[in-house]
Amino acid sequence: MTHTIQPNNPETTPAPDATDVPAVGTRPLPAAAAPLPAALKRRLPKYSDLAPLMQFKKPEFSKEARLKRASTIWDLRDIAKRRTPQAPFDYTDGAAEGEITLRRAREAFLDIEFRPGILRNVSSIDLSTEILGKSSRLPVGIAPTGFTRMMQSEGEYAGSQAAEAAGIPYTLSTMGTASIEDVAAAAPGGRNWFQLYLWTDRDRSLELIDRAAKAGNDTLMVTVDTAVAGARLRDVRNGMTIPPALTIKTVLDASYRPAWWFNFLTHEPLTFASLSRYTGTVADLINSMFDPTLTFEDLDWLRETWKGKLVVKGIQTVEDARRVVDHGADGVILSNHGGRQLDRAPIPFHLLPEVKQAFTKDNTDAAIMLDTGIMSGADIVAALALGADFTLIGRAYLYGLMAGGRAGVDRAIQILEKDMARTMALLGVSRISELTPDHVRLLNK
């Protein structure tokens, strides 16, 4: 019997249309793409869109603009190198022999790891500290530098006035190119220290000590690492003399640094804080005037003679740090003379923890200060964390001086202050007393 299946019967399955069957090996077509957001559609820019972007500034070539563009001490160094004749620049920038000590001193600050704390209130950073019985707005002072007006004509006057404005100590060198009295008069509200090289002529040394006391200097800094002059080879190769000699080479060098020579030739000739006019090499001057027979007995004589604070600069071993304190020093400056004396000398930053540990064991309150290799505020913070009470800068401020005189020194101090404040905030500390060795780890290379 034949059965007829009615249309629309659910049991029936209509035969597929050939056009609905995908070809073998193909995939179904994707769904239609979403419309492109308006922000991603290309269009011609409108002037109203471009106007806020086209804020072209007039080029500025002033000293102020030049210094403002410097964000680091290295930037100031670059400016200084462009604006200063080679011999004075190299006298500042160079060190002894292969300059290994200077390179290692700077690398020492790079070879650390900061260990920050989190969730601390660092909305206000206090960088003030106390050093040798008086307050300092910043934990850094200006180190003694010789022949400073040779680097830039404002010399010691710029340094002392910038230090006064910043509320930090300024140290005049025995080999400075401004007198003790003139520096005191230039910065009457500043805290002035005097650095002494003991001479073979003790009467001349005593005269300097008396002048420093009468001019209001509260601290005497005796330097003890210059029994003889170091081999500063850049100076030898440049034929460096005091004052700078006009040779064919220097005249050519001056042709594209006219401002330096104009300032040098139109200001008073170089004179010194403590000696008569001198002509010759720096090494000859040191070897002829400084006493190579110094002993700890001379330190005893100084302690009896000087009534203010006495610090010893040039300490390079723990034993010597302890001994000078035993002989009456109120503080020590860990220093290898900026690498300008003995090449491959100990690095102050490496020596610092050992001296701190020794002084703690001895229960001494003598101040520990440090120089050499400091090129940033982070370097200063690292030194403070590892036990330094204070730091001193030489080259760092001289780069500013050569870059722009007094304004350049101000800029150098501003850069370091900003560095210090930022570093401390990121470490999670708001005042110097909160820094500890736990904030710094020395990396093993």
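The values are calculated or read from the model by the stated rules, or taken from the named source; none is laboratory data. All of these numbers come straight from a predicted model, not from anything done at the bench. Note that each Cβ is placed from the backbone with ideal geometry, even for glycine, and that neighbours are counted across all protein chains shown. Quick note on the areas: whole protein, heavy atoms, side chains included, nothing else; ligands and nucleic acids left out. Shrake-Rupley method; radii C 1.70, N 1.55, O 1.52, S 1.80 Å.
So here's what we get for this one:
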item: Residues satisfying the stated conditions in region 106-134, i.e. outside any loop (DSSP other than H, G, I, E, B) and among the polar types (S, T, N, Q); result: Thr129
item: Given (1) in contact with a helix residue (DSSP H, G or I) (Cβ under 9 Å, 6 or more places away or on another chain); (2) open to solvent by less than 30 Å² (accessible area, probe 1.4 Å); (3) among the hydrophobic types (A, V, I, L, M, F, W, C), number of the condition Ala407 does not satisfy; result: (2)
item: Qualifying residues in region 350-378 (those that are out of contact with any strand residue (DSSP E or B) (no Cβ under 7 Å at 6 or more places or on another chain) and hydrophobic (A, V, I, L, M, F, W, C)) - the one nearest to Val440 (Cα to Cα); result: Ala378
item: Contacts under 9 angstrom Cβ, first residue in region 424-437 being in a strand (DSSP E or B), partner open to solvent by less than 10 Å² (accessible area, probe 1.4 Å), 6 or more apart; result: Arg431/Met424
item: Pair list, Cβ under 7 Å, 6 or more apart: region 183-196 residue under 15 Å from Arg137 (Cβ atoms) and touching a residue at least 40 places away in the same chain (Cβ under 8 Å), other residue surrounded by fewer than 23 Cβ atoms within 10 Å (Cβ to Cβ) and not polar (S, T, N, Q); result: Arg191/Lys134; Arg191/Asp218
item: Looking only at region 322-343, and only at residues there that are touching a strand residue (DSSP E or B) at 6+ places or on another chain (Cβ under 9 Å) and of a type in the set (Gly, Ala, Ser), the one that is nearest to Leu102 (Cα to Cα); result: Ser335
item: Count of region 347-364 residues which are in contact with a helix residue (DSSP H, G or I) (Cβ under 8 Å, 6 or more places away or on another chain) and either under 24 Å from Pro144 (Cβ atoms) or assigned to a helix (DSSP H, G or I) (or both); result: 12
item: Within region 198-208, considering residues that are touching a residue at least 60 places away in the same chain (Cβ under 8 Å) and in contact with a Leu (Cβ under 9 Å, 6 or more places away or on another chain), the one most open to solvent (accessible area, probe 1.4 Å); result: Arg204
item: Filtered residues of region 135-173 (kept if outside any helix (DSSP H, G or I), hydroxyl-bearing (Ser, Thr, Tyr) and open to solvent by less than 10 Å² (accessible area, probe 1.4 Å)); result: Ser136, Tyr170, Thr171, Ser173
item: Single residue of region 179-195 satisfying the filter (out of contact with any Leu (no Cβ under 6 Å at 6 or more places or on another chain), under 21 Å from Asp371 (Cβ atoms) and hydrophobic (A, V, I, L, M, F, W, C)) that is surrounded by the most Cβ atoms within 10 Å (Cβ to Cβ); result: Trp193
item: Complete set of residues in region 174-195 that are under 14 Å from Arg211 (Cα atoms) and either modelled with pLDDT of 95 or more or part of a helix (DSSP H, G or I) (or both); result: Ile180, Glu181, Asp182, Val183, Ala184, Ala185, Asn192, Trp193, Phe194, Gln195
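Here is a yes/no grid of residues against (1) touching a helix residue (DSSP H, G or I) at 6+ places or on another chain (Cβ under 8 Å); (2) at pLDDT 75 or above; (3) closer than 30 Å to Ala412 by Cα:
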{"position": "Pro7", "(1), (2), (3)": "no, no, no"}
{"position": "Pro10", "(1), (2), (3)": "no, no, no"}
{"position": "Thr13", "(1), (2), (3)": "no, no, no"}
{"position": "Ala18", "(1), (2), (3)": "no, no, no"}
{"position": "Leu29", "(1), (2), (3)": "no, no, no"}
{"position": "Lys41", "(1), (2), (3)": "no, yes, no"}
{"position": "Leu50", "(1), (2), (3)": "no, yes, no"}
{"position": "Phe61", "(1), (2), (3)": "no, no, yes"}
{"position": "Trp74", "(1), (2), (3)": "no, yes, yes"}
